[in-house]
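Engineer: Before anything else, here's the structure in question.
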Amino acid sequence: MKVYNGTIISCDRENNIHKYLVEDKGRILYAGAELPAAYQGAPKKALGAKALLPCFGDTHLHFASYALFNAGLDVRSARSLPEMCAQIAEFARGGPGGILMGFGASPHSVEERRLVTRDELDLACPERPLFLIKYDGHACILNSRMIALLPEKVKTLRGFHPDTGEMNQEAFFAVTDLVTRKISLLRTLRNMLCAVEGMALKGIGMMHTASGVGFPFDLDVTLETLLGRGLDCGFQTRLFFQTMDLEKVRRRKLPRVGGCFATALDGCFGSRDAALLQPYADDPGNKGVLYYSDEEVVKFTKEANRGGLQIEMHAIGDAAFDQAVMALEAALKDCPRADHRHGIIHACLPSEEGLKKCAELGIHIPLQPSFLAWDLEPLHFLRGILGGRADKLSPLRKMTDLGIMLSGSSDAPCTPPDPIAGIHAACNHYVPGQSLTVAEALKLFTYNAAWTTFDEKERGSLEAGKTADMVILNRDPLAMKPCELLELKVEKLFLKGEPYKKGQGIPGLLAKALLSGGKI
């Protein structure tokens with residue numbers, strides 16, 4: 001048994017701030033203003049100027065991809081194309097054999113203000129195939145060696161651009177499938193364990209991963225299921241299967257479906273294929289791409305909803321957002337469910353009418369506040385392609401005031417899994433009237449994150465009876481100005497009351513996973 005004394009931010013529905021919290025055997029026994037006599041003799045931990053909060057959750061990331069690129073080439077820090085190419089050349093000399101994989105190419109963070117090309121990649125990496133993902137995770141650039149490996153059918157797909165080496169839309173998905181099929185399972189598991197350790201350092205104890213792309217037989221879903229059941233540290237995994245083939249979901253007895261890729265309704269702003277109601281400001285003939293017809297999306301949502309599944313779908317542009325809202329409304333009219341917790345991921349440019357429908361229907365939004373302060377896709381670029389619509393992106397205040405449940409996420413590997421960065425961005429929206437309070441922003445990554453997957457009765461807030469998944473921060477965020485929040489640091493993560501322990505090996509992971517029937 002242990003007693004914590006100091007600033008204890010519960011993040012519960014009433015936003016209670018407590019002075020004492022008692023934990024024993026991984027459960028919270030008490031949280032309140034006075035310490036009951038029964039606990040007076042227990043060891044005490046004085047927090048001083050620090051604060052105790054629930055551990056953080058990340059409600060939308062692509063964990064297998066994040067784990068892969070977290071362990072590989074990352075060019076997001078490059079500020080010029082020669083610097084990026086030098087990083088690629090250095091990695092090619094010392095990196096693992098086979099196809100080289102990298103992440104983070106952006107035309108907005110380099111002084112040339114353009115994307116690296118196939119010819120430049122050929123000079124940096126002439127001898128080996130190179131697969132370089134764009135910062136937004138929706139396109140890639142290939143060198144000639146990699147293009148030579150592509151089967152002929154890829155060359156007939158939308159988004160195949162051999163001159164520049166850029167692949168987007170269906171061509172990108174096909175190339176991703178080809179590359180990820182060549183990664184060893186052992187390497188993937190090692191990368192996953194390292195990625196969990198990195199997330200734990202940021203205070204994350206729960207992730208909602210969207211999986212099911214690229215691996216033969218959907219092995220990424222299998223591996224993430226094993227990981228979630230096999231970790232011995234208490235880290236929680238909730239898995240969304242990115243497929244419209246609901247038989248796959250039923251065979252695995254998963255309760256959730258959706259994400260991006262096969263369940264993405266449109267593209268993204270970085271590739272100018274997010275689906276818009278009105279054309280792009282700098283391209284009057286382009287409204288982006290809707291990947292599916294209304295009929296196809298409605299058929300999918302009706303079948304999934306009838307089957308009792310929780311649905312999430314990617315929608316960035318307002319046309320895609322409206323399509324998602326329309327399809328979920330049709331599904332709920334077809335088969336009403338009082339507590340479905342369906343969601344629309346990203347919802348970057350939502351329509352006014354669509355937001356009202358979300359509030360009415362109980363549709364939640366797993367969003368990425370860090371997109372609001374993203375140097376790889378800066379505001380000047382968004383204003384250039386969207387015009388005045390850029391000031392309508394992610395209207396957090398409006399969404400919250402309508403009563404829509406919002407949760408916080410990173411969309412990793414697009415942005416790093418870092419809840420403090422997300423909390424700071426949510427409190428410092430570039431449209432000041434759309435910022436959240438610090439208390440509201442904290443709940444994006446705590447109570448709301450747990451609520452999103454029906455976990456709020458067990459975790460997400462510091463209340464008696466719940467699991468003691470907690471973080472100690474170096475300062476009290478509620479006593480800080482919004483502009484100061486990046487000064488917050490995670491000092492310690494506790495899962496089930498115990499300090500997070502790293503170092504679990506693959507044999508132990510697999511043994512525990514095969515014996516465990518834990519929630520995924």
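Per-residue answers, yes or no, for (1) more than 27 Å from GLY198 (Cα to Cα); (2) at pLDDT 95 or above; (3) not β-branched (Val, Ile, Thr):
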{"residue": "ASN15", "(1), (2), (3)": "yes, yes, yes"}
{"residue": "LYS19", "(1), (2), (3)": "yes, yes, yes"}
{"residue": "GLU23", "(1), (2), (3)": "no, yes, yes"}
{"residue": "GLY32", "(1), (2), (3)": "yes, yes, yes"}
{"residue": "PRO36", "(1), (2), (3)": "yes, yes, yes"}
{"residue": "PHE63", "(1), (2), (3)": "no, yes, yes"}
{"residue": "ASP74", "(1), (2), (3)": "no, no, yes"}
{"residue": "SER80", "(1), (2), (3)": "yes, yes, yes"}
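Engineer: Among the residues of the range 172-190, write down those that are within 13 Å of MET146 (Cβ to Cβ) and of a type in the set (Lys, Arg).
Structural biologist: Matches in the range 172-190: LYS182 only.
Engineer: Can we say PRO126 is within 26 Å of TYR291 (Cα to Cα) and either surrounded by fewer than 20 Cβ atoms within 10 Å (Cβ to Cβ) or modelled with pLDDT under 95 (or both)?
Structural biologist: No; evaluated as a whole, the condition is false for this residue.
Engineer: Suppose we keep only residues that are under 19 Å from the mean Cα position of the chain (by Cα) and assigned to a helix (DSSP H, G or I) within the range 227-257. Which one would you say is surrounded by the fewest Cβ atoms within 10 Å (Cβ to Cβ)?
Structural biologist: That would be GLY228.
Engineer: From the set of residues in the range 290-311 that are crowded, with 23+ Cβ neighbours inside 10 Å and under 19 Å from PRO350 (Cα atoms), which is farthest from the chain's Cα centre (by Cα)?
Structural biologist: VAL297
Engineer: Do we have ALA174 as without any contact (Cβ under 8 Å) to a residue 40 or more places away in the chain and either buried (at least 19 other Cβ atoms within 10 Å of the Cβ) or touching a helix residue (DSSP H, G or I) at 6+ places or on another chain (Cβ under 9 Å) (or both) here?
Structural biologist: The answer is yes for ALA174.
Engineer: Would you mention how many residues in the range 21-61 are part of a strand (DSSP E or B) and of a type in the set (Ser, Thr, Tyr)? Full working, then the answer.
Structural biologist: Quick first cut of the range 21-61, residues part of a strand (DSSP E or B) only: 21-24, 27-32, 44-54, 56-61.
From what is left, the residues that are of a type in the set (Ser, Thr, Tyr) are 30, 59.
Going through the range 21-61 one residue at a time, the tally reaches 2.
Engineer: Ok, one more. Just one of the numbered conditions (1) farther than 27 Å from LEU376 by Cβ; (2) surrounded by fewer than 24 Cβ atoms within 10 Å (Cβ to Cβ) is not true of LEU201; which one?
Structural biologist: With (1) farther than 27 Å from LEU376 by Cβ; (2) surrounded by fewer than 24 Cβ atoms within 10 Å (Cβ to Cβ) applied to LEU201, the lone miss is (1).
Engineer: Shifting gears a bit: Suppose we filter PHE269, PHE321 for residues that are in contact (Cβ under 8 Å) with a residue 24 or more places away in the chain, within 13 Å of HIS346 (Cβ to Cβ) and not in a helix (DSSP H, G or I); which single one remains? Spell out how you get there, then give the answer.
Structural biologist: Numbers: PHE321 fails: not in a helix (DSSP H, G or I).
From the options PHE269, PHE321, the qualifying one is PHE269.
Engineer: All but one of (1) among the small types (Gly, Ala, Ser); (2) over 21 Å from the mean Cα position of the chain (by Cα); (3) more than 18 Å from THR301 (Cα to Cα) hold for ALA421; which doesn't?
Structural biologist: (2)
Engineer: Sort out which residues of the range 1-20 are free of Cβ contacts under 8 Å to residues at least 60 places away in the same chain, surrounded by 15 or more Cβ atoms within 10 Å (Cβ to Cβ) and part of a loop (DSSP other than H, G, I, E, B), and write them in order of number.
Structural biologist: ASN16 - this is the single residue of the range 1-20 that is free of Cβ contacts under 8 Å to residues at least 60 places away in the same chain, surrounded by 15 or more Cβ atoms within 10 Å (Cβ to Cβ) and part of a loop (DSSP other than H, G, I, E, B).
Residues are listed down the side, and each one gets a yes or a no for (1) buried (at least 17 other Cβ atoms within 10 Å of the Cβ); (2) among the charged types (D, E, K, R); (3) farther than 30 Å from LYS496 by Cα:
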position: GLN40; (1), (2), (3): no, no, no
position: LYS44; (1), (2), (3): no, yes, no
position: PHE63; (1), (2), (3): yes, no, no
position: VAL116; (1), (2), (3): yes, no, yes
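Engineer: Pick from the range 197-226 the residues that are part of a helix (DSSP H, G or I) and either free of Cβ contacts under 8 Å to residues at least 60 places away in the same chain or among the small types (Gly, Ala, Ser) (or both): which of them is nearest to LYS501 (Cα to Cα)? Walk me through how you get there before you give the answer.
Structural biologist: Going through the range 197-226, the residues part of a helix (DSSP H, G or I) turn out to be 197-201, 216-226.
Then keep just the ones that are either free of Cβ contacts under 8 Å to residues at least 60 places away in the same chain or among the small types (Gly, Ala, Ser) (or both); that gives 198, 200, 216-219, 221-222.
Details: GLY198: 12, ALA200: 9, PRO216: 32, PHE217: 32, ASP218: 29, LEU219: 27, VAL221: 24, THR222: 24 Å.
If we take residues in the range 197-226 being part of a helix (DSSP H, G or I) and either free of Cβ contacts under 8 Å to residues at least 60 places away in the same chain or among the small types (Gly, Ala, Ser) (or both), then ALA200 is nearest to LYS501 (Cα to Cα).
A quick yes/no check of all residues on (1) small (Gly, Ala, Ser); (2) in contact (Cβ under 8 Å) with a residue 40 or more places away in the chain; (3) assigned by TED's automatic domain parsing to the domain that holds TYR135:
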residue	(1), (2), (3)
CYS358	no, yes, no
ILE365	no, yes, no
THR400	no, yes, no
ALA425	yes, yes, no
PRO432	no, no, no
LEU436	no, yes, no
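The values are calculated or read from the model by the stated rules, or taken from the named source; none is laboratory data. The structure presented is a predicted model; accordingly, all values stated were derived computationally and were not measured. Counting neighbours? That spans all protein chains shown, and the Cβs are built from the backbone with ideal geometry, glycine included.
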